[in-house]
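First up is the structure itself, then whatever we jot down about it.
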Amino acid sequence: MSVHHTAVTPVSFVFADDGAVPNNPLPFLIYKSAFEFENHRPETMIESVFKTNNWGHQMWRNGVFDYLHYHATVHEVLGVARGRALVRFGGDHGEKFEMRKGDVAVLPAGTGHQCLSASSDFLVIGAYPPGADMQITRPTPENHRKALKTIPKVALPKSDPVYGTGGPLTKMWGKAP
């Protein structure tokens, strides 16, 4: 596996609070084709890069849940190791993205997400920067009220999960409101 050494500029979106999913004023980022795999163990390679760049907290392998949820206590990175999926980010009024092998999405705390469809081999590596533990939150009025208090307290990560301390995330999130 190799990671592109020329910076892949991420596509960024800011999703508004829709009253059910709080989202975040920090931009949601997608790095298309951030990874190129030259071996048969892409999940191990993604995990290694995330750990190296200090995004190894509570790492997991799975898919993306097929119900709308968010994480109010942590930022999340999702790296696609196998297959493809159509995932909606930003809640019911958000945007649909086709995520493919090698793509990476970075979700600021509070960003709604839901898998709408996936290939049978779809596999994601999920991880978080150091800090609070991940909690799965469903969109309810009570959870929304709590999240509005929690999300602003989530620390900014010190590095980009793919490119490290000088990566696009640190620059884009450092300039955000």
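Structural remarks
- Potential lengthening between Glu43 and Thr165 on full extension [0.36 nm per residue; Cα-Cα distance subtracted]: 41.7 nm
- The listed residues His144, His57, once ranked by accessible area (1.4 Å probe) with the largest placed first, stand as His57, His144.
- Members of Lys32/Lys149; Lys32/Lys96; Lys32/Lys171; Lys51/Lys146; Lys51/Lys101 lying beyond 26 Å, as alpha-carbon distances in this model show: Lys32/Lys149; Lys51/Lys146
- Under 5 Å, built H, 5+ apart or other chain: amide partners of Ala34: Asp103, Val104
- Charge-dipole axis of the chain as Lys and Arg at +1 and Asp and Glu at -1 on Cβ define it, positive-most pick from Val8, Pro157, Tyr128: Pro157
- Taking Cα atoms only, the orientation of helix 42-52 departs from the longest principal axis of the chain by about 70 degrees.
- Simple spin-label estimate for Phe65 and Ser119 in nanometres, 7 Å along Cα-Cβ: 2.6 nm
- For GluC sites (Glu not before Pro), the sites in the stretch 1-91 that DSSP calls loop and that have at most 15 other Cβ atoms within 10 Å are Glu38.
- The heavy atoms of Met172 offer some 60 square angstrom of accessible surface to a 1.4 angstrom probe.
- Residue-normalised accessible area of the stretch 12-76, expressed per residue, 1.4 Å probe, Å²: 45 Å²
- Heavy-atom surface analysis with a 1.4 Å probe gives the chain a carbon and sulfur content of 52 percent of its accessible area.
- Sorting Asp18, Asp92 on solvent-accessible area from highest to lowest, probe radius 1.4 Å, gives Asp92, Asp18.
- Principal-axis tilt of helix 141-150 within the chain, Cα atoms, nearest 10 degrees: 70 degrees
- Among Ser120, Ser48, the sequence by solvent-accessible area, most first, with a 1.4 Å probe is Ser120, Ser48.
- What you get for the chain, charging only the Cβ of Lys and Arg (+1) and of Asp and Glu (-1), is a dipole of about 280 debye around the Cα centre.
The values are calculated or read from the model by the stated rules, or taken from the named source; none is laboratory data. What you are looking at is a predicted structure, and each value in this text was computed from that prediction instead of being measured. As a convention, Cβ positions derive from the backbone with ideal geometry for all residues, glycine included, and neighbour counts pool all protein chains shown. When the accessible area is computed, the model is the full protein with side chains, heavy atoms only, and any ligands, DNA or RNA have been set aside. Shrake-Rupley method; radii C 1.70, N 1.55, O 1.52, S 1.80 Å.
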